[in-house]
Amino acid sequence: MAARGGFSNKLGFIAAAAGSAVGLGNIWQFPYVTGQNGGAAFLLVYIGWIFLIGLPIMVGEIAVGRKAQSNPYGAYKKLGGKSWAYVGLFGIICGVMILSFYNVVAGWAFGYFLELSFGNLLNEQDYSGFFSAYVADFRDNLFFSIAFMVITAYIVYRGVQKGIEGTSKVLMPTLFLILIFIIIYGLTLPNAMDGVSFYLLPDFSLINGRTIYTALGQAFFSLSLGMGALITYGSYISRNDNIVNSAILVTIADTAVAFLAGLMIFPLVFSQGQSPAEGPGLVFVALLGVFQTMGPLIGKIVGGGFFLLLCFAALTSTISLLEVPVAFLVDEKKWSRKKAVSVMALLIFLIGLPSMLGFGAVGAFTEFVSYEGGVKSFMDVVQDLFFVISLPLGGFLLSVFISSKWKTAGLSEEISHGNPSYGGSFIEKFFNLMIVYVCPVVLGAMFLLTVLQKFFGVELI
């Protein structure tokens, strides 16, 4: 433990793990997906999946990491043998590929923060056209993405306590403060309560198979499960820590950020009479019009604060995504942390260049391949393969590993360290039931449905 480093205390782990879970998926993706799927009705289904599927998988990942005291590859190998080690390696590769495009989007958010706070972005007349031109501009994107990767690498290089834990303890409270500030301001705007009603008063007639399926995907992605980040972070915690309590607090923190993001965005959107179903452009296009109507000073403050919030949320996730392959190289290849961070940060940045160039800068990456009834960019393909499809597969494989190889007895024994009342409790029976029977079926079905839909044009729901 001393050689690998570790979190100084339970709070440090919770801050770091919550930071890993909280990301662009909470601030950017969750509000627009909620807006497209009925508002409050979707929110209720999402929260249900968070605690039914997300929490048991999170507990499983943390327990596997703490038991093995290793990265995902080493953890699966130590507990399941060499054949299972490839499941861990698969998760590491997914994290690398996700970070390769995530860093690009984080660069956009960083650039928008600077443009809005210190530039003339609020004077634009066509925000959709501006966004299209902005993401196609290779020079700006290159600079901002490099800056974001350098910041991420520096934090990870500083180690588990000084870098990851110390930064998370600052970023997470700051993130909540910015969220609450913008929420309070947004609720004072005309028609803001219409947005609150849309978000908090459910119309249950809007719940259908597609809503349930989409909410499950959002819940799983929101918690950053299936790629080994929490296995890695779990390997850094004390055997005296209560895994269940920690996982519940991380889940609540992540869900709270997503919930508050919706409470922030929908009053702003409804105050200007805009559609909540704007889609992915809700943040980078629609909200700019909202900030513009606030006037030059308030628009810069609120809008700049919002994109700073996006940057913080992105950074807490990029840190954990980089830590996973770094831990692999330190544990398995015996590299120094400095060498592992330097090599992986550079490699991941280079892998991300085609994603950066795939929005008009280079035609071959912009129109990379065709499937799902349309042309896909390079970033679309990476996101579909290593994020949308692979993360549920990773969760499915984890639940199969625990139920068939490590066994629930092994899981319970590990969780009982730091939680002596766990054995025989209701929560133990609940986790065992979900991991052995429910999670494999639900996540396996989600994986198959997504593959059929995206690559074979078969929509069963």
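Okay, here's what the table says:
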quantity	calculated
Any hit, the stretch 271-282, residues being open to solvent by less than 10 Å² (accessible area, probe 1.4 Å) and in a helix (DSSP H, G or I)	yes
Subset of the stretch 114-156 (residues that are part of a helix (DSSP H, G or I) and of a type in the set (S, T, N, Q))	SER117, ASN123, SER128, SER132, ASN141, SER145, THR152
Residues of the stretch 289-314 satisfying the condition of being part of a helix (DSSP H, G or I), within 21 Å of LEU177 (Cα to Cα) and open to solvent by 20 Å² or more (accessible area, probe 1.4 Å)	LEU297, ILE298, LYS300, ILE301, LEU308, PHE312
Among (1) among the hydrophobic types (A, V, I, L, M, F, W, C); (2) crowded, with 19+ Cβ neighbours inside 10 Å; (3) part of a helix (DSSP H, G or I) - the single one ILE237 does not satisfy	(3)
Scan of the stretch 197-211 for residues that are modelled with pLDDT under 95 and either open to solvent by less than 10 Å² (accessible area, probe 1.4 Å) or closer than 24 Å to ILE427 by Cα (or both), ordered by number	THR211
Of all residues in the stretch 322-344 being touching a residue at least 40 places away in the same chain (Cβ under 8 Å) and open to solvent by 10 Å² or more (accessible area, probe 1.4 Å), the one that is nearest to SER100 (Cα to Cα)	MET344
Hey, GLY60 under 30 Å from ASP331 (Cα atoms), in contact with a helix residue (DSSP H, G or I) (Cβ under 6 Å, 6 or more places away or on another chain) and either of a type in the set (A, V, I, L, M, F, W, C) or buried (at least 22 other Cβ atoms within 10 Å of the Cβ) (or both) or not	yes
Any hit, the stretch 138-155, residues being open to solvent by less than 20 Å² (accessible area, probe 1.4 Å) and in contact with an Asp or Glu (Cβ under 6 Å, 6 or more places away or on another chain)	no
TYR437 being of a type in the set (Ser, Thr, Tyr) and either part of a helix (DSSP H, G or I) or surrounded by fewer than 15 Cβ atoms within 10 Å (Cβ to Cβ) (or both)	yes
Residues of the stretch 94-132 classified as closer than 16 Å to PRO280 by Cα and out of contact with any Asp or Glu (no Cβ under 8 Å at 6 or more places or on another chain), total	13
Positions within the stretch 6-27 being in a helix (DSSP H, G or I) and of a type in the set (A, V, I, L, M), in sequence order	LEU11, ILE14, ALA15, ALA16, ALA17, ALA18, ALA21, LEU24, ILE27
Yes/no for TYR73 being open to solvent by less than 40 Å² (accessible area, probe 1.4 Å), farther than 24 Å from ILE348 by Cα and among the hydroxyl-bearing types (Ser, Thr, Tyr)	no
Residue, least open to solvent (accessible area, probe 1.4 Å), within the stretch 81-127, restricted to residues that are over 27 Å from the mean Cα position of the chain (by Cα) and under 30 Å from ALA68 (Cβ atoms)	GLY81
Residue in the stretch 347-377 that is farthest from TYR134 (Cα to Cα), counting only those that are touching a Ser or Thr at 6+ places or on another chain (Cβ under 7 Å) and of a type in the set (A, V, I, L, M)	ILE348
Residue check, PHE259 out of contact with any helix residue (DSSP H, G or I) (no Cβ under 7 Å at 6 or more places or on another chain) and either surrounded by fewer than 23 Cβ atoms within 10 Å (Cβ to Cβ) or assigned to a helix (DSSP H, G or I) (or both)	yes
First in the stretch 432-454 and free of Cβ contacts under 8 Å to residues at least 40 places away in the same chain and of a type in the set (Ser, Thr, Tyr), second anywhere and surrounded by fewer than 18 Cβ atoms within 10 Å (Cβ to Cβ) and in a helix (DSSP H, G or I), Cβ under 8 Å, 6 or more apart	none
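Yes/no per residue for (1) surrounded by fewer than 22 Cβ atoms within 10 Å (Cβ to Cβ); (2) among the hydroxyl-bearing types (Ser, Thr, Tyr); (3) modelled with pLDDT under 95; (4) part of a helix (DSSP H, G or I):
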{"position": "PHE365", "(1), (2), (3), (4)": "yes, no, no, yes"}
{"position": "VAL375", "(1), (2), (3), (4)": "yes, no, no, no"}
{"position": "THR408", "(1), (2), (3), (4)": "yes, yes, no, yes"}
{"position": "SER412", "(1), (2), (3), (4)": "yes, yes, no, yes"}
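Listed here are the residues, each with its yes/no results for (1) of a type in the set (Asp, Glu); (2) part of a helix (DSSP H, G or I); (3) open to solvent by less than 20 Å² (accessible area, probe 1.4 Å); (4) at pLDDT 95 or above.
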site: TYR213; (1), (2), (3), (4): no, yes, no, no
site: LEU216; (1), (2), (3), (4): no, yes, yes, no
site: LEU225; (1), (2), (3), (4): no, no, yes, no
site: LEU230; (1), (2), (3), (4): no, yes, yes, yes
site: TYR233; (1), (2), (3), (4): no, yes, yes, yes
site: ILE248; (1), (2), (3), (4): no, yes, no, yes
site: THR251; (1), (2), (3), (4): no, yes, yes, yes
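The values are calculated or read from the model by the stated rules, or taken from the named source; none is laboratory data. This one's a predicted model, so the numbers in the text were calculated from it and none came from an experiment. Cβ atoms come from the backbone with ideal geometry, glycine included; neighbour counts cover every protein chain shown. Please note that ligands, DNA and RNA were not included when accessible areas were found on the heavy atoms of the full protein model with its side chains. Shrake-Rupley method; radii C 1.70, N 1.55, O 1.52, S 1.80 Å.
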